[in-house]
1. Given segment 45-154, what strands (runs of 3 or more DSSP E) lie entirely inside it while holding 1 or more residues that are at pLDDT below 85 and over 18 Å from Lys34 (Cα atoms)?
2. Across segment 94-135, which residue is most open to solvent (accessible area, probe 1.4 Å) among those that are closer than 17 Å to Gly75 by Cβ and aliphatic (A, V, I, L, M)?
3. So which residues in segment 42-70 are open to solvent by 50 Å² or more (accessible area, probe 1.4 Å), out of contact with any Gly (no Cβ under 6 Å at 6 or more places or on another chain) and under 30 Å from Gly138 (Cβ atoms)?
4. Using the structure shown, decide if Val39 is in a strand (DSSP E or B), out of contact with any Pro (no Cβ under 8 Å at 6 or more places or on another chain), exposed (fewer than 14 other Cβ atoms within 10 Å of the Cβ) and modelled with pLDDT under 95.
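The values are calculated or read from the model by the stated rules, or taken from the named source; none is laboratory data. Please read these numbers as outputs of a predicted model, since none were measured by experiment. Backbone-built Cβ (ideal geometry, glycine too); neighbour counts: all protein chains shown. The area values use the complete protein model at the heavy-atom level, side chains included, leaving out ligands, DNA and RNA. Shrake-Rupley method; radii C 1.70, N 1.55, O 1.52, S 1.80 Å.
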Amino acid sequence: MRKLVLLMVLTLGATVAQAENGSFYLGAGVTSNKLNDIVVEGTAFPDLNKTSWKVFAGFRPISAFAVEADYLDLGSATVEGACVGGCCMEACRGLYQSDAQVFAAYALGFLPIPVPSLDLYGKAGLARSQLNTKIIYGSGTSSRGAEFAWGVGV
């Protein structure tokens, strides 16, 4: 799960934000993420290697500081299982699904630069991830975790 959050933070992707003369802003972006080796109770689930999306909203009360909340959909994948997790019996075959999301909250600091439409920033906060795994027509699990998250950007 740590790799998921770290990878999510390091691959912030391209984003577009719209500020409204100061304080509040909204945005959307595209991320590239990879989550491998998803194994729950000895059963292998499909890897997530996707280009996905995110949305965010922030409040910037002064030019050097902001707070931001993000939602990232890391995608989903479904595979037909055959010999999944070392089990090749008919009872082990089926459709296996993985999907993941991340909610994050950050504090942002901006460097003062003399270019009007450009910001250099760093951010630090907390990211809460959720990984859902499911055997279609069978059982499912949900794993959650929270980690320190950070990033830099332009």
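1. The strands (runs of 3 or more DSSP E) meeting that bar are 65-81, 94-111, 120-135, 140-153.
2. Going through the qualifying residues, I end up with Leu95.
3. Asp47, Asn49, Thr51, Trp53
4. So Val39 passes the test.
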